[in-house]
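Participant: Input: one structure, supplied below.
The values are calculated or read from the model by the stated rules, or taken from the named source; none is laboratory data. Note that the structure is predicted; figures quoted are calculated from it, not measured. In this analysis, Cβ positions are derived from the backbone assuming ideal geometry, glycine residues included, and neighbour counts consider all displayed protein chains. For the accessible areas, the whole protein counts, side chains as well, though only heavy atoms, and no ligand, DNA or RNA atoms are used. Shrake-Rupley method; radii C 1.70, N 1.55, O 1.52, S 1.80 Å.
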Amino acid sequence: MPQIDLLVSNKLGLHARAAGKLTKTAGQFTSDIFITKEARRVNAKSIMGVMMLAAGKGTTVTIEAEGDDAQEALQEIKALFDDKFGEEA
Amino acid sequence: MTSSVKKPNAVIAAKSTPEKDTPASTPLICLYGRGVANGYAMGRAVVMGATALEVAHYRIAPTAVAAEKDRFSQALKATSDELRTLAQNLPDDAPRELAALLNVHQLLLADPLLSEETLLLIEQRHYNAEWALTTQGQQLGEQFSAMQDEYLRERGSDVRQVVERILHTLAGTRALGNLDAILQSDDPLIVVAHDISPADMIRLRGARFAGFVTDLGGPTSHTAIVARSMGVPAVVGLGQVRSVARDGDFLIVDGQQGTVLINPPPSQITVYESLATQYADSRYRLLSLLDVPSETLDGVRIGLHANIELPEEAPLALSQGAHGIGLLRSEFLFMSRADLPSEQEQFEAYQSVVVQMGDRPVTIRTLDLGSDKNLDGEATVTINPALGQRAIRYCLARPELFQTQLRAILRASAYGKVRLLIPMITGLAEVRATLEIIEAVKRELQAKGQAFDPNLEVGAMVEVPAMAIAIEPFARAFDFLSIGTNDLIQYTLGIDRADSDVSSLYDPLHPAVLRLIAGTINAGQRFGVPVAVCGEMAGDARLTRLLLGLGLTDFSMHPRQLLDVKQEVRRAHSNALRTKVAGALNRAEAIDPDRLND
């Protein structure tokens with residue numbers, strides 16, 4: 001399954017708004033998308049799952065995607081992380 | 001606060017035997033909560049929604065599983081549509097926070113963790129949809145409550161609100177299904193709710209209510225803020241009023257004492273009618289003070305300013321005759337959210353207050369939060385938050401956050417008279433660091449060609465005893481000082497007022513506290529620096545004479561207290577009070593404020 005490691009570099013971590021943006025982005029794809037922090041793996045389309053990871057700034061998470069649009073999904077999600085979820089605008 | 005009003009509690013206690021006109025079988029039900037908006041209200045209960053605890057639990061037949069799953073999915077979709085419609089039709093003046101919260105609620109509704117597990121419970125355990133949903137909702141809620149991060153912990157209540165909303169859809173009732181009836185009724189109505197969610201708040205806008213009572217909530221809950229802005233009483237934290245009161249019950253809401261009486265006997269109603277009349281009379285009489293000068297009998301002018309938390313409270317401050325805003329707490333911008341407010345968002349909030357206040361000064365206090373609040377989303381455990389990295393300590397450790405706020409405040413200063421107030425300064429190194437950052441931000445704005453008031457006054461809160469004891473260099477460094485009595489008392493006496501074991505030892509009249517206040521006022525006079533008091537002491541009309549006696553000429557308080565204090569000011573003889581208080585202070589004697597009447 002295609003996967004990438006991403007660093008959470010936005011100030012607020014994957015809490016609330018960033019979690020919401022990630023969930024929304026993941027939800028646009030038909031692929032199954034998972035996000036893993038340490039031993040915990042959750043559905044990236046679930047805002048509660050993502051919030052419960054409590055992935056703060058500086059943590060590394062792994063995103064996996066499986067399905068027809070898996071590669072695009074990973075690219076979009078990577079862009080979101082790189083953009084620090086639009087927080088530092 | 002108003003000491004002239006007879007304590008209704010005493011009245012209740014005296015009435016242990018039912019009156020002739022009361023059926024003996026009707027006991028007087030009186031619930032105790034927390035009054036968060038003053039006044040009295042009487043009217044009919046309008047009970048909002050059912051709680052998750054009250055739904056039916058039963059097992060469905062195996063043949064009914066598909067239909068039950070469908071019922072749940074339909075309810076989910078209908079609820080989602082309802083929220084989307086609400087979000088799309090948000091009034092222009094709705095707080096931005098509401099839109100963000102509605103968005104989170106929509107995402108929660110769409111979350112497979114909520115829907116898929118619920119469907120599984122229906123399918124495998126044959127729970128009815130309501131039972132399955134509350135089971136899964138509770139489980140998720142518990143996981144959130146167990147989280148270390150305070151912000152994430154609070155999301156548990158969002159999950160609960162979303163679950164309740166789906167339950168209402170399942171039951172075919174809307175959370176505020178009876179709203180149309182409410183809007184058309186002529187009787188005074190009292191909202192009875194478990195809690196009031198942001199979505200409910202939008203729908204309640206425009207409806208007229210005589211009062212609010214809720215099971216949950218504190219002084220900064222949505223309920224409290226709305227009630228205060230509407231000028232109606234509210235009692236929150238009642239625990240179980242939702243399960244005790246029924247639609248149409250006659251309620252008395254006592255915002256003074258924080259009590260709610262359900263179906264009281266006529267004799268009680270009479271008592272409260274007269275209390276309400278007295279209260280209204282005293283408010284009305286006080287209104288006649290709006291246009292008279294705020295000065296003592298011997299002609300000393302006293303400044304009366306308002307403490308506010310939200311831009312929406314500025315009209316209230318003006319309506320009560322505030323000379324300006326003595327304390328705009330900026331924390332409201334930072335609370336109940338995970339990210340930080342942008343410079344533009346902050347600027348707009350500050351500018352709104354400045355414009356509303358016209359040529360009256362607006363004192364904006366920079367962020368007074370601590371590391372215990374987890375603003376940066378990093379879970380930290382602070383051993384003793386009151387003595388930890390908070391207020392200016394926190395801001396100096398996060399220059400970006402501080403500079404953003406300073407830019408926003410400085411930009412707002414182009415629109416009126418803004419004063420900048422720095423909380424919790426303790427040492428001179430902090431003074432230098434703070435003033436340097438302010439100068440740097442000014443240079444930055446200048447370079448960008450952005451307008452601000454170059455003569456913006458910078459003041460400090462006097463709340464750490466260290467500053468009050470060695471006040472002189474601080475009085476030289478700042479343009480004004482404002483004494484935050486709440487923290488000053490807590491630090492001076494070593495008492496945490498929130499700790500019920502020691503709260504009785506919290507004594508604003510301790511001679512040490514009074515000496516610190518007097519010393520600060522005195523230094524202000526010597527250095528020509530205005531000194532205000534903005535803590536709770538300033539708004540307690542019982543203490544007005546004492547503060548005048550300490551030489552105070554500038555008070556800042558909750559807007560609703562302004563006229564009570566003004567009345568005391570106009571009855572006082574400042575010089576005589578100073579002589580009396582000075583003597584007692586020199587001898588470190590206890591001062592009884594009630595015996596300062598001339």
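Participant: Out of B:Ile489, B:Ile483, B:Ile591, B:Ile495, report the one residue that is under 25 Å from the mean Cα position of the chain (by Cα) and open to solvent by 10 Å² or more (accessible area, probe 1.4 Å).
Facilitator: B:Ile495
Participant: Which one of B:Ala100, B:Ala110, B:Ala171 is among the small types (Gly, Ala, Ser), at the interface with chain A (Cβ under 10 Å from one of its Cβ atoms) and open to solvent by 50 Å² or more (accessible area, probe 1.4 Å)?
Facilitator: Selected residue: B:Ala110, the only one of B:Ala100, B:Ala110, B:Ala171 that is among the small types (Gly, Ala, Ser), at the interface with chain A (Cβ under 10 Å from one of its Cβ atoms) and open to solvent by 50 Å² or more (accessible area, probe 1.4 Å).
Participant: Does B:Ala386 meet the test of being at pLDDT below 95, surrounded by fewer than 16 Cβ atoms within 10 Å (Cβ to Cβ), more than 27 Å from A:Met51 (Cα to Cα) and aliphatic (A, V, I, L, M)?
Facilitator: It is true that B:Ala386 is at pLDDT below 95, surrounded by fewer than 16 Cβ atoms within 10 Å (Cβ to Cβ), more than 27 Å from A:Met51 (Cα to Cα) and aliphatic (A, V, I, L, M).
Participant: Being at pLDDT 65 or above and open to solvent by less than 50 Å² (accessible area, probe 1.4 Å) is true for just one of B:Val5, B:Val36. Which residue is that?
Facilitator: Answer to the selection: B:Val36.
Participant: Please go through the stretch A:1-30 and give me each residue that is open to solvent by 50 Å² or more (accessible area, probe 1.4 Å) and either away from every other protein chain (no Cβ under 11 Å) or touching a Pro at 6+ places or on another chain (Cβ under 9 Å) (or both), ordered by number.
Facilitator: A:Met1, A:Gln3, A:Asp5, A:Leu7, A:Gln28, A:Thr30
Participant: Any chance the stretch B:532-544 includes a residue that's of a type in the set (Ser, Thr, Tyr), under 29 Å from B:Pro423 (Cβ atoms) and part of a helix (DSSP H, G or I)?
Facilitator: The answer is yes, given that some residue of the stretch B:532-544 is of a type in the set (Ser, Thr, Tyr), under 29 Å from B:Pro423 (Cβ atoms) and part of a helix (DSSP H, G or I).
Participant: Consider A:Ala55 carefully, then state whether it is open to solvent by less than 10 Å² (accessible area, probe 1.4 Å), in contact (Cβ under 8 Å) with a residue 24 or more places away in the chain and under 22 Å from B:Val104 (Cα atoms).
Facilitator: Spelling it out, A:Ala55 is indeed open to solvent by less than 10 Å² (accessible area, probe 1.4 Å), in contact (Cβ under 8 Å) with a residue 24 or more places away in the chain and under 22 Å from B:Val104 (Cα atoms).
Participant: Say whether the condition of being over 26 Å from the mean Cα position of the chain (by Cα) and within 9 Å of chain A (Cβ to nearest Cβ) is met by at least one residue in the stretch B:124-146.
Facilitator: yes
Participant: Next up: So in the stretch B:311-356, with the set limited to residues that are of a type in the set (Val, Ile, Thr) and assigned to a helix (DSSP H, G or I), which one is most open to solvent (accessible area, probe 1.4 Å)?
Facilitator: The qualifying residue most open to solvent (accessible area, probe 1.4 Å) is B:Val355.
Participant: Going by the conditions given, is B:Val569 among the β-branched types (Val, Ile, Thr) and closer than 26 Å to B:Ala477 by Cβ?
Facilitator: Spelling it out, it is not the case that B:Val569 is among the β-branched types (Val, Ile, Thr) and closer than 26 Å to B:Ala477 by Cβ.
Participant: Let me ask another. Within the stretch B:430-461, which residues are aliphatic (A, V, I, L, M) and outside any strand (DSSP E or B)?
Facilitator: Result: B:Val431, B:Ala433, B:Leu435, B:Ile437, B:Ile438, B:Ala440, B:Val441, B:Leu445, B:Ala447, B:Ala451, B:Leu456.
Participant: Quick check on this structure: which one of B:Val529, B:Val502, B:Val533 is open to solvent by less than 10 Å² (accessible area, probe 1.4 Å), more than 23 Å from B:Leu287 (Cβ to Cβ) and without any contact (Cβ under 8 Å) to a residue 60 or more places away in the chain?
Facilitator: B:Val533
Participant: Touching a Phe, Trp or Tyr at 6+ places or on another chain (Cβ under 7 Å) and either among the hydrophobic types (A, V, I, L, M, F, W, C) or more than 12 Å from every other protein chain (Cβ to nearest Cβ) (or both), is that true of B:Leu119?
Facilitator: yes
Participant: Out of everything in the stretch B:456-499 that is touching a Lys or Arg at 6+ places or on another chain (Cβ under 8 Å) and polar (S, T, N, Q), what residue ends up being farthest from B:Leu387 (Cα to Cα)?
Facilitator: Out of the qualifying residues, it is B:Asn486.
Participant: When B:Lys20 is evaluated against the numbered criteria (1) within 19 Å of B:Ser274 (Cα to Cα); (2) at pLDDT below 65, which criterion, by number, is the only one it fails?
Facilitator: (1)
Participant: Is it the case that some residue within the stretch A:56-70 is out of contact with any strand residue (DSSP E or B) (no Cβ under 9 Å at 6 or more places or on another chain) and away from every other protein chain (no Cβ under 11 Å)?
Facilitator: Checked against the condition, which is being out of contact with any strand residue (DSSP E or B) (no Cβ under 9 Å at 6 or more places or on another chain) and away from every other protein chain (no Cβ under 11 Å), the stretch A:56-70 yields at least one hit.
Participant: If you check A:Gly49 against the conditions, is it within 8 Å of chain B (Cβ to nearest Cβ) and touching a Ser or Thr at 6+ places or on another chain (Cβ under 9 Å)?
Facilitator: Yes: the conditions hold for A:Gly49.
Participant: Wholly within the stretch B:195-295, which strands (runs of 3 or more DSSP E) include no fewer than the required count, namely at least 1 residues that are open to solvent by less than 20 Å² (accessible area, probe 1.4 Å), modelled with pLDDT of 90 or more and farther than 17 Å from B:Met48 by Cα?
Facilitator: B:250-254, B:259-262
Participant: Then there is this: Just the residues that are within 19 Å of B:Thr434 (Cα to Cα) and open to solvent by 40 Å² or more (accessible area, probe 1.4 Å), please, taken from the stretch B:454-476.
Facilitator: Quick first cut of the stretch B:454-476, residues within 19 Å of B:Thr434 (Cα to Cα) only: B:454-464, B:466-468, B:470-476.
Within the stretch B:454-476, B:Pro454, B:Asn455, B:Glu457, B:Ala466, B:Ala470, B:Glu472, B:Pro473, B:Arg476 qualify.
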